[in-house]
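S.K.: Okay, here's the structure, questions in a sec.
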Amino acid sequence: PPFYTMELLEGQLLSDVIEHHTPQPVDRAYALAIIRDVGAALVHAHARRIVHGDLKPLNILITHANEVRILDFGASGAAGYEVASADALQRSRALAVSLPYSCCDILDGLQTDPRDDLFALACISYELFAGRHPFDRLPATQARDLGMRATRPAGLTNQQWHALEIGLSWHRESRAASVRDWLRMLGLEPPSGGLPEPDEL
């Protein structure tokens, strides 16, 4: 009979890591390493014209080997996810996505775009830096209509905060930087290995 193999991944979801620290932020060096590795994975996917479209802490695994993996590329249908070609598919307005990490463009039913993943990564980054979601976990369209603005987390440089503001912009045109460029604005370089061990922080 037909069969396929799957990699066994053991570790902890980023959502559990964030919940464990809430309301405190994650250690800054550890947070930056996570952001760097998630961003590198998105750069790899976007270069191949793939947009995740539902990036969130529940879809990010930190393995026991201190590697970061993005999950649910290719999951669809009943699970409520869809991998979309950046210029070929239009997301249905009825498609279930994770509202706290989806940008206004997705929630308005527009065609998926790599900058949608940048918004989600910026939300995740803010949560790691601040110990809370930038918009109190409200859908981006609702937060936009309420005029909400994220407040600056403590300890960020001016350039890092500027990068975060760009990533959290309501409109794609304001998130014009690629994920690669956005990582550079944060002062992050491509990863050379896994995450640092906790006792190395």
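The values are calculated or read from the model by the stated rules, or taken from the named source; none is laboratory data. The model shown is predicted, which means the values in this text are computed figures rather than measured ones. Using ideal geometry, Cβ is built from the backbone for each residue, glycine included, and neighbour counts are taken over all protein chains shown. Note: areas computed on protein heavy atoms with side chains; ligands, DNA, RNA excluded. Shrake-Rupley method; radii C 1.70, N 1.55, O 1.52, S 1.80 Å.
S.K.: With a sphere of radius 15 Å drawn around the Cβ of residue 144, what net charge do the other residues whose Cβ falls strictly inside it have (Lys, Arg +1; Asp, Glu -1)?
M.R.: Charge balance in the 15 Å sphere: -3.
S.K.: I would also like to ask the following. With a 1.4 Å probe and all protein chains left in place, how much accessible area per residue does the range 1-64 have, in Å²?
M.R.: For the range 1-64, the solvent-accessible area averages 56 Å² per residue.
S.K.: Could you calculate the FRET efficiency of residue 184 with residue 157 from 1/(1 + (r/R0)^6), where r is the beta carbon distance between them and R0 is 22 Å, rounded to 0.05?
M.R.: 0.95
S.K.: For the peptides 98-111, 116-129, 22-35, what is the packing order when you average, over each peptide's residues, the other Cβ atoms within 10 Å and list the highest mean first?
M.R.: Output ranking for 98-111, 116-129, 22-35: 116-129, 98-111, 22-35.
S.K.: Carbon and sulfur atoms: what percent of the 1.4 Å accessible area of the range 25-76 do they account for? It would help to have the intermediate numbers written out before the result.
M.R.: Details: 1090 of 2000 Å².
Answer for the range 25-76: carbon and sulfur cover 54 percent of the accessible area.
S.K.: Could you give the length gained by full extension between residue 48 and residue 137, i.e. 0.36 nm per residue of separation minus their alpha carbon distance, to one decimal place?
M.R.: Values: separation 89, 0.36 × 89 = 32.04 nm, distance 3.04 nm.
The residue 48-residue 137 span can extend by a further 29.0 nm.
S.K.: Distance in nm between label sites at residue 21 and residue 145, each 7 Å beyond Cα in the beta-carbon direction?
M.R.: Between residue 21 and residue 145, the label points sit 3.3 nm apart.
S.K.: Another question, then. Rg and Dmax of the range 104-173, Cα atoms, in Å?
M.R.: Cα radius of gyration and Dmax of the range 104-173 are 11.8, 36 Å respectively.
S.K.: Counting only residues 5 or more places away or on other chains, whose amide H sits under 5 Å from the amide H of residue 13 once H atoms are built in the peptide plane?
M.R.: 62
S.K.: OK, next. Which value, in debye to the nearest 20, describes the size of the charge dipole of the range 99-163 about its Cα centre when Lys and Arg Cβ atoms bear +1, Asp and Glu Cβ atoms bear -1, and nothing else is charged?
M.R.: Dipole about the Cα centre, nearest 20: 340 debye.
S.K.: What list of ³J(HN,Hα) couplings, whole Hz, do you get for the range 7-12 from phi and the Karplus terms 6.51, -1.76, 1.60, once you set θ to phi - 60° and write x for glycine and proline?
M.R.: After applying 6.51 cos²θ - 1.76 cosθ + 1.60, I find 6, 8, 10, 10, x, 10 Hz.
S.K.: Taking the mean number of other Cβ atoms within 10 Å as a proxy for protection, how do you rank 161-170, 141-150 from highest to lowest? Let's see the in-between values first.
M.R.: Working: 161-170: 19.1, 141-150: 14.1.
Most protected by this proxy first, the peptides run 161-170, 141-150.
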